[in-house]
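Here the structure comes first, spelled out in structure tokens, and everything after it is commentary.
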Amino acid sequence: KQFCNDMKESQRARLAFQQIREASKLCDQSAINMFLSNVDDWLPMATGCTKDLLEEIKRDVGNCNNSLDLVFILDSSGSVEATSFNNMKHFVAEIVSNFMIQANSTRVGVIQFSDTPKIEIVLGSIDSINILKTAINNIVYIGSQTNVVAALNLVPTVLINARANEGIPSVVILLTDQTSEPTVKAAIALHEQEIQIYAIGFGNSINETQLQNTASDPNYAFITDFTNFDSSTNKLRPLWQTVCTTPAKTEINEILQTKIGKDQATNLLFDFPLEGFTVSIQIFDGELVVYGSFIIQGPTSLTADFTSNSTNKIENAVFPCSGLVE
């Protein structure tokens, strides 16, 4: 739908939305819950552009509705210690709580490693959030040597049934207290396969430069502390919100066939050609809305530069700076 009818009001709302999206990454969950409760109170009284803004904020600041194939790699080596490992598991369980765990939405797999890696949860084998959180918290600490490279080398096996050919991003979240150049080399091999890596470092042995090079983007690297759970919670929201909007890198002229659940979404990233391109989508069931942006990752109705929707077929040309043309 067209957001707001007045151009000036629309620009103000877009700016407000971006500010709230960024500010929310700095808030703890209790503050977010209070804010969303206030939004619910305001909505019945809101009209026009303000109502549009509040509805979009509620969708964006609440849980993630994007589809991902998401693999966690947990460091269970002796240097981590059992208490920190338990806090790490709790941290991961809190992250997955923000995603819709379903076969046609976000699927989760878990690798645990010490001197050797082990697949603890097969990708997509659990489609209940409560069962998934229980399975994560039941992973048993190993406490031996550290072999991050072996764990990263196991990722393609875990992602063997990933939905990359459907435009669903393959995302890895690595949590470790060790970095090294061999780790960076193993991670780069995954980058080259369009597997997006988030690197969460903790402890005194982390080399920040190596951690950033392990991640697919320097902004995908985080440093936290698992010696107590409360000290890590300030990283929860910025992490899952960034992960939520991770796009699948897609080529122009590539054909994708996928299922997107009701009220769900997927993000695609293109190298935009200067001559423009045509968005061509055949819809087999339901209604589809496309939000496109030249600059913003994970665009919404508030931040999109162009939109289109249909229950049958979308066939529109898009040109730089001029938006979408029928």
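The values are calculated or read from the model by the stated rules, or taken from the named source; none is laboratory data. Keep in mind the model is a prediction, meaning the values are calculated, not measured. Here Cβ is always computed from backbone atoms with ideal geometry, including for glycine, and neighbour counts include all displayed protein chains. The area values use the complete protein model at the heavy-atom level, side chains included, leaving out ligands, DNA and RNA. Shrake-Rupley method; radii C 1.70, N 1.55, O 1.52, S 1.80 Å.
Pairs needed: first member in segment 121-138, in contact (Cβ under 8 Å) with a residue 40 or more places away in the chain; second member anywhere, not basic (Lys, Arg); C-beta distance under 6 Å; at least 6 residues apart or different chains.
Once the first residue is in contact (Cβ under 8 Å) with a residue 40 or more places away in the chain and sits in segment 121-138, its partners that are not basic (Lys, Arg) give Leu123/Gly109; Leu123/Val158; Lys133/Ala93; Ile136/Val92; Ile136/Ala93; Asn137/Ala93.
Kindly provide the set of residues from segment 280-303 that are at negative phi, small (Gly, Ala, Ser) and touching a residue at least 60 places away in the same chain (Cβ under 8 Å), ordered by number.
Ser301
Asp115 is checked against (1) of a type outside the set (A, V, I, L, M); (2) part of a loop (DSSP other than H, G, I, E, B); (3) open to solvent by less than 50 Å² (accessible area, probe 1.4 Å) and fails just one. What number does that condition carry?
Checking Asp115 against (1) of a type outside the set (A, V, I, L, M); (2) part of a loop (DSSP other than H, G, I, E, B); (3) open to solvent by less than 50 Å² (accessible area, probe 1.4 Å), the one that fails is (3).
State whether one or more residues within segment 63-83 are closer than 23 Å to Gln241 by Cβ, part of a helix (DSSP H, G or I) and modelled with pLDDT under 80.
no
Residue-wise test of (1) among the hydrophobic types (A, V, I, L, M, F, W, C); (2) in a helix (DSSP H, G or I).
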| residue | (1), (2) |
| --- | --- |
| Lys235 | no, yes |
| Pro238 | no, yes |
| Val243 | yes, yes |
| Thr246 | no, no |
| Glu254 | no, no |
| Ile260 | yes, no |
| Glu275 | no, no |
| Gly286 | no, no |
| Val289 | yes, no |
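Filter segment 133-146 down to the residues that are under 13 Å from Val80 (Cβ atoms) and of a type outside the set (A, V, I, L, M), then identify the one that is modelled with the highest pLDDT.
Filtering first and then ranking leaves Tyr141.
Scanning segment 219-232 for residues that are assigned to a helix (DSSP H, G or I) and surrounded by fewer than 15 Cβ atoms within 10 Å (Cβ to Cβ), which turns out modelled with the lowest pLDDT?
In this case the residue turns out to be Ser231.
Just name the residue that is most open to solvent (accessible area, probe 1.4 Å) out of those in segment 173-204 that are touching a residue at least 60 places away in the same chain (Cβ under 8 Å) and within 14 Å of Thr224 (Cβ to Cβ).
So the residue we want is Gly203.
So, in segment 143-172, exactly how many residues are out of contact with any Gly (no Cβ under 8 Å at 6 or more places or on another chain) and surrounded by fewer than 20 Cβ atoms within 10 Å (Cβ to Cβ)?
11
Within segment 70-106, work out how many residues are within 19 Å of Thr176 (Cβ to Cβ), among the small types (Gly, Ala, Ser), touching a residue at least 60 places away in the same chain (Cβ under 8 Å) and open to solvent by less than 60 Å² (accessible area, probe 1.4 Å).
Residues in segment 70-106 being within 19 Å of Thr176 (Cβ to Cβ), among the small types (Gly, Ala, Ser), touching a residue at least 60 places away in the same chain (Cβ under 8 Å) and open to solvent by less than 60 Å² (accessible area, probe 1.4 Å): 5 in total.
Give the number of residues within segment 266-287 that are hydrophobic (A, V, I, L, M, F, W, C), modelled with pLDDT of 80 or more and either closer than 20 Å to Asp69 by Cα or open to solvent by less than 40 Å² (accessible area, probe 1.4 Å) (or both).
So the first thing to find is which residues in segment 266-287 are hydrophobic (A, V, I, L, M, F, W, C), and the list is 268-270, 272, 274, 277, 279, 281, 283-284.
Applying the additional criterion that residues be modelled with pLDDT of 80 or more yields 268-269, 281, 283-284.
Among the residues that remain, those that are also either closer than 20 Å to Asp69 by Cα or open to solvent by less than 40 Å² (accessible area, probe 1.4 Å) (or both) are: 268-269, 283.
Total meeting the criteria: 3.
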